[in-house]
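Got a structure for you, questions after.
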Amino acid sequence: MHLDAETPDGLEAAARELVDIDTEILAVNGGDGTVQAVLTAMLGRVTARLPVLAVLHSGTTSATARNVGFGSRPFEAVQRLLAAAAQGIVPVEWSPEPWCGWTARKTPGTQ
């Protein structure tokens, strides 16, 4: 599912909707303020499980993406996420060091 939002209220509503439908990976393409708004909405939900947050490098400063993001090239990061998801793999930890990549876990019900 793809949702676009351009205002803080829109971001929060989109994040709440994605958490409520039990999304496994929530990719955020925006700057530090966008990531903050999405995290605030996610953490405000009462749920048994939150989605993995994939922070794509975008925005002016993108300090969050540099520290915990999925690389400096958003298009390539989305391609890696989609390829992993097609194999039933959910990335759970990312290292910005190019030789480390991310660790993953299989989603329930996949071989």
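Does the range 14-63 hold any residues that are under 11 Å from the mean Cα position of the chain (by Cα), in a loop (DSSP other than H, G, I, E, B) and among the polar types (S, T, N, Q), and which are they?
23
Follow-up question, since we're still on this one. Being part of a loop (DSSP other than H, G, I, E, B) and among the hydroxyl-bearing types (Ser, Thr, Tyr) is the filter here, so list the residues in the range 64-76 that pass it.
72
Right, next: In the set 3, 18, which member is closer than 23 Å to residue 85 by Cα, loosely packed, with under 15 Cβ neighbours inside 10 Å and hydrophobic (A, V, I, L, M, F, W, C)?
None of the other options fit; the residue is 3.
Scan 27, 65, 77 and give me the residue that is of a type in the set (Gly, Ala, Ser), under 25 Å from residue 10 (Cβ atoms), surrounded by 17 or more Cβ atoms within 10 Å (Cβ to Cβ) and modelled with pLDDT of 85 or more.
27
Which ones in the range 8-66 are within 19 Å of residue 78 (Cα to Cα) and hydroxyl-bearing (Ser, Thr, Tyr)?
23, 34, 58, 62, 64
The values are calculated or read from the model by the stated rules, or taken from the named source; none is laboratory data. Predicted model, so just to flag it, every value in this text is computed and none were measured. Ideal geometry is used to build each Cβ from the backbone, glycine not excepted, and the neighbour counts take in all protein chains shown.
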